[in-house]
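Okay, structure first, notes after.
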Amino acid sequence: MWRYLALRKFGIVFAETLFLTGWILVGHLIYFGQIWPPAPNYSAILVKAFLIAIIFQLVMHLNDIYGFQGARLSRTFVIRIFQSLVIAWCILAVLFKVVPHGDLSRTGLIYGMILCSVFLMLWHTMLRLYMRVRTPHTNLLVLGTGNLAREAVSEILRHPELGIKVVGFVDDNPGLVGVSIVNPRVIGGYQDLARLVRVHRVDWIVVGLQDRRGKLPIKELLDFKTRGITIEDATTFYERVAGKIPIENLKPSWLIFNSGFAVSKSMLAKKRIFSIAFSFFLLLALSPLLLLVMIAIKLDSRGPIFYRQERVGRILRRTRIDELPQFYNVLRGDMSLVGPRPERPMFVEQLSEEIPYYPLRHVIKPGITGWAQINYGYANTLEHTVEKLQYDLFYIKNISWILDLLIVFETVKTVMVKSGS
C-alpha cells in the first residue's frame, strides 16, 4: 500500500497545492500592480485560487501524472502533462462562463493560471529528474532467493519513489554468490550477514526463505533487531509494497496472528451508510441518462430493459453505463459500493476447490468496484483469478473507510481512462 499512501507522495501533492494556490494569488495581485497590502476581497480570491489548484490536480491525477512509475521523462509523460493542462484550461474556461465572479478579476485569475501551467511543467520535470539521481534513504537486504523475495524486489525496482535501495540477496547456497537475481546480486551467505549489514549500512532485512526449518539465522537476526534494524517476513513486506497478499506458501498462522481481517459490525455499518448515500445520489443525478438508455434499449432490441449477463451493448460496455443498474442492487442490500467483484455462482464452488483461501472473499458483500478492480484487469483464466484474489485479501485485511474513499477516487480514473475491470 506504500505506493498509494506513501507520505512522500502526499507531501508532494500537498506542497503542490500550496504552490498552485500561491501562483494564482500572485497572478491576480500582479494584475493590480501590487502584492501588498492584500485586496479587500482577499478571502474570496484565496478560495477561488484553491479551487483552481484542485481542478488542475484532479485532471492530472486522472491522467496518472502522480504515478511516478519509473520516474522517467518519457514522451508519454510529456504528452500527458500537456493533455492535462489543456483539459484543465477547458474546464476552467467553462466554469468562468457559468460561475459568477463578483468583483474578482478574470484576467488576474488567467495570469495566475498561466503561472500555474509553467510551474507544473517545471515542477514535475524536476521531480522526475530528482527521483532518478537521488540516493535512496533505506538500504534493504533480502534473506533468501525464493519467488516471493524476487517478486518483492521487482516491485521495489518498479517504484523508485519509495526510496528503497536493495543492496542484494543473501542465500545459504555458496554457488549462488555473485549470481544476479532480478537485478541485485547474491552478495554473500549466512556467515557473511554481520559484515554485509555493517558494510552496506542495512536498515531493513526482509526474510524470504521458502523453508525456514533449521535454516533461519535466529541469533544474528535477534542481534540486528536489538540494534534498531527492522526485520520483516517477505509476505508482510510484499503486502506493503505491492498492495496484495501473496497466497503462494501463505500459512494460515500468518492470517490468524497478523493484524487486520477485523471485519467488525461497526465497520460494516459505516460501509452500508456510505454505499447507500453514494448510490442514491449517483442514481438521482444520472436518472435522465438512465431513462434515455432504457428507451434506446427498448427501441433497439427485444427483451427486458434490465438484463443479467448475456446482453451487453458495445457502447454501454465501453462507457460503463451498463454498470449503473448495479447501484440499485446496492440500495436493496444485495451488494456494497466497494468490495470483491461478484462471481457467477456456477464458478464459485469450482474456484473455492481449486484456489486456497478463495472463500475468504465472501466474508463481506460483493462490490461494484474494489481494490482488485483498480489494480488489475479482467480475470479470464485461473491464474488471473488468483491474482485478483490476492488484491481482495489485501482489501479485507485492511478494510477501512479511508481505503474505500481511495478506491472510489481511483475508480473514477479507471472509468475515464477505460482500464481495469
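Points to keep in mind about this one:
- Additional length obtainable on full extension of the chain from ARG272 to LEU122, 0.36 nm per residue less Cα span: 49.6 nm
- As a proxy for reagent exposure, ILE245, ILE55, ILE45, ILE273 were ordered by neighbouring Cβ count within 10 angstrom, fewest first; the result is ILE273, ILE55, ILE45, ILE245.
- Segment 138-243: C-alpha gyration tensor shape, a/c 1.5 cut-off, then a/b vs b/c: rounded
- Computed label-point distance, nm, for sites ARG158 and GLU232 using a 7 Å Cα→Cβ extension: 1.7
- Listed from fewest to most Cβ neighbours within 10 Å, the set VAL153, VAL47 follows the order VAL47, VAL153.
- Label-point separation, PHE347 to ILE91 (7 Å along Cα→Cβ), nm: 3.4
- Residue order, fewest to most beta carbons within 10 Å, for VAL348, VAL197: VAL348, VAL197
- Annotation: extensible slack from GLU383 through LEU250 equals 46.2 nm (criterion: 0.36 nm per residue apart, minus Cα-Cα distance).
- For segment 147-207, the set of trypsin sites (Lys or Arg not before Pro) satisfying both a DSSP loop assignment and a count of at most 15 other C-beta atoms within 10 Å is given as ARG201.
- Mean separation of Cα contacts under 8 Å, 6 or more apart, over the residue count of segment 138-243: relative contact order %: 34
- Proximal lysines to LYS251, defined as alpha-carbon separation beneath 16 angstrom and excluding residues fewer than eight positions away on the same chain: LYS397
- Packing rank of 90-97, 122-129, 169-176, where each peptide gets the mean count of other beta carbons within 10 Å, highest leading: 169-176, 122-129, 90-97
We did not get these values from a lab; they are worked out from the coordinates using the rules stated. Predicted model, so just to flag it, every value in this text is computed and none were measured. Quick reminder, even Gly has a Cβ in these numbers, built from the backbone with ideal geometry, and neighbours come from all protein chains shown.
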